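Enquirer: One structure, as structure tokens, below. Some questions next.
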Amino acid sequence: MRLRLGLPKGSLQQATFDMLARAGYQVSLSSRSYYPTLDDPEIEPALMRAQEIPRYVGTGALDAGLSGLDWILENEADVVQVCDLVYSKATRAPARWVLAVAQDSSTQSPTDLAGKRIATELVNVTRKYLAQRGVQAEVEFSWGATEVKVPELADAIVELTETGASLLANNLRILDTVLETNAKLIANRDSWQDAWKRQKIETLSMLLQGALLGQEKVGLKMNVARLHLDKVLSLLPALRQPTISPLTNPDWVAVETVLDERTARDLIPELRRAGAEGIVEYPLNKVIP
């Protein structure tokens, strides 16, 4: 038995392969192939557009896949949303589909777009967004290069952004956020009811989430004299409690903990001043809570 897994090609492809590698799966892809190989013979991956993966998972052509909430909603796909995987090609934050107009446009709110033309790849979600606000506008599908269509070809666009840099570079102004989205591991409902496939999907979910959490965490090791131990411990955050191990010198202990990477820079000098010595910071591949 094998698990058919859809992986997104395009902008998310390398970030996905990197995440799988940190999770312990080695992925290889020959040129012009849409079928990568995974070093787990029980998983059969296929590379395809993220926009299509929810549809194929929903119909059972795939058992599971990685795609975004945006494309799940756009396809109205009936799938099991197994877990959130907040990663993207540029940042570790969710991306946004935003409603944008030209910088010099007189449009100040979504209601000002009544009777106007909006270009987007996310047609169904955009139509629902407008309907919820009582706005009747023409929403047309954009095949790409959506930012350049304002103002000659469209009055506004709904486009995906992570940093907003591309919109700014194209002289566009954001009116509103239509949808915040992030990648998800999704499963076909029948596959989710199959005991073997469900366990395989749950294992994949655990390892992928652990890989993403590992990106945000680092480990710290240090030696601490017992007389300074309470002061050092008062500074340390941890997933549970720091690990304390005796050294050959009975007056000293080794302390090890896991913490957010962004806090380590400021914390290490405080630990040194509190009496910690031999402080070592090291990266983590996975963290499984």
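Readers should treat all values here as calculations from the given coordinates under stated rules, not as data from a laboratory. For clarity, every value in this text was computed on a predicted model and none was experimentally measured. Here the Cβ is made from the backbone with ideal geometry for all residues, glycine too, and neighbour counts use every protein chain on show.
Enquirer: Can you pull a Stokes-Einstein diffusion coefficient for the chain at 25 °C (0.890 mPa s), Rh from Kirkwood over Cα pairs, as a whole number of µm²/s?
Expert: 112 µm²/s
Enquirer: Angle, helix 195-216 long axis vs. longest principal axis of the chain, Cα atoms, 0 to 90°, nearest 10?
Expert: 70 degrees
Enquirer: Given the stretch 50-90 reduced to its alpha-carbon atoms as identical point scatterers, what log10 I(q)/I(0) does the Debye formula return at q = 0.15, 0.17, 0.21, 0.27 Å⁻¹?
Expert: For the stretch 50-90, the Cα-only Debye profile gives -0.31, -0.40, -0.59, -0.93.
Enquirer: Go through P45, T120, V79 and say which Cα lies farthest out towards the positive end of the charge dipole of the stretch 20-149; charges sit on Cβ, +1 for Lys and Arg, -1 for Asp and Glu.
Expert: With unit charges placed on the Cβ atoms, the residue in question is T120.
Enquirer: Give, rounded to the nearest 20 debye, the magnitude of the charge dipole that the chain has about its Cα centre when Lys and Arg contribute +1 at Cβ and Asp and Glu contribute -1 at Cβ.
Expert: 380 debye
Enquirer: With a cut-off of at most 10 other beta carbons within 10 Å, and DSSP calling the residue loop, which chymotrypsin sites (Phe, Trp or Tyr not before Pro) in the stretch 116-217 qualify? Please list them.
Expert: W143
Enquirer: Let me ask something else. Between D84 and N124, take the C-beta separation as r, use R0 = 35 Å, and let me know the FRET efficiency to the nearest 0.05.
Expert: Approximately 0.95, to the nearest 0.05.
Enquirer: Given the chain, what percent of its DSSP beta bridges are antiparallel, to the nearest 5?
Expert: The antiparallel proportion sits near 75 percent.
Enquirer: In percent, what relative contact order does the stretch 216-283 have, based on Cα pairs under 8 Å that are 6 or more apart in sequence?
Expert: Answer for the stretch 216-283 is 51 percent.
Enquirer: Once you put a point 7 Å from the Cα of R49 and another 7 Å from the Cα of D230, both along the Cβ direction, what distance in nm separates them?
Expert: Result for the modelled spin labels: 6.5 nm.
Enquirer: Relative contact order for the chain using alpha-carbon pairs under 8 Å, separation at least 6, rounded to a whole percent?
Expert: Worked out over the chain, it gives 20 percent.
Enquirer: Which one of E261, E121, E147 has the biggest mean-square fluctuation once the chain is modelled by GNM with Cα springs under 10 Å?
Expert: Of E261, E121, E147, the most mobile in the Gaussian network model is E261.
Enquirer: In degrees between 0 and 90, to the nearest 10, how far off the longest principal axis of the chain does helix 261-274 point, with axes built from Cα atoms?
Expert: It is inclined by approximately 20 degrees.
Enquirer: I've got another one for you. What FRET efficiency comes out for the pair E256/S11, r = Cβ-Cβ distance, R0 = 35 Å, nearest 0.05?
Expert: Details: r = 38 Å, r/R0 = 1.08.
E between E256 and S11, to the nearest 0.05, is 0.40.
Enquirer: Here's something else I'd like to know. Taking springs between alpha-carbon atoms closer than 10 angstrom, which of K217, K184, K128 fluctuates most in the Gaussian network model of the chain?
Expert: Of the options given, K128 has the highest mean-square fluctuation.
Enquirer: Find how many whole Å separate the alpha carbon centroid of the stretch 258-272 from the alpha carbon centroid of the stretch 117-164.
Expert: Centre-to-centre (Cα) distance: 44 Å.
Enquirer: What residues qualify as long-range amide H neighbours of I43, i.e. H under 5 Å apart, gap of 5 or more or another chain, H built at 1.01 Å from N?
Expert: Excluding prolines and chain starts, which carry no amide H, the hits are L3.
Enquirer: Residues in the stretch 198-226 near a label at E277, defined as backbone nitrogen under 11 Å from the 7 Å Cα→Cβ point?
Expert: Taking a point 7 Å out along Cα→Cβ of E277, the residues of the stretch 198-226 whose backbone N falls under 11 Å are 223-226.
Enquirer: How do 227-235, 168-176 rank on mean C-beta neighbours within 10 Å, highest first? Spell out each step's value before the answer.
Expert: Values: 227-235: 14.0, 168-176: 15.9.
Ranking the peptides 227-235, 168-176 by packing returns 168-176, 227-235.
Enquirer: Could you give me the ³J(HN,Hα) list for the stretch 104-120, computed from phi with Karplus coefficients 6.51, -1.76, 1.60 and θ = phi - 60°, whole Hz, x at Gly and Pro?
Expert: After applying 6.51 cos²θ - 1.76 cosθ + 1.60, I find 8, 5, 7, 5, 10, 8, x, 5, 6, 8, 4, x, 9, 10, 10, 9, 6 Hz.
Enquirer: Let me ask something additional. With θ taken as phi - 60° and the coefficients 6.51, -1.76 and 1.60, list the Karplus ³J(HN,Hα) couplings across the stretch 62-74 in order, rounded to whole Hz; mark glycine and proline as x.
Expert: Karplus values, whole Hz, x for Gly and Pro: 10, 7, 7, x, 10, 8, x, 4, 4, 7, 5, 5, 5.
Enquirer: Provide the FRET efficiency to the nearest 0.05 for the D190-S166 pair, computing r from the beta carbons and using R0 = 30 Å.
Expert: The computed FRET efficiency comes out at 0.15.
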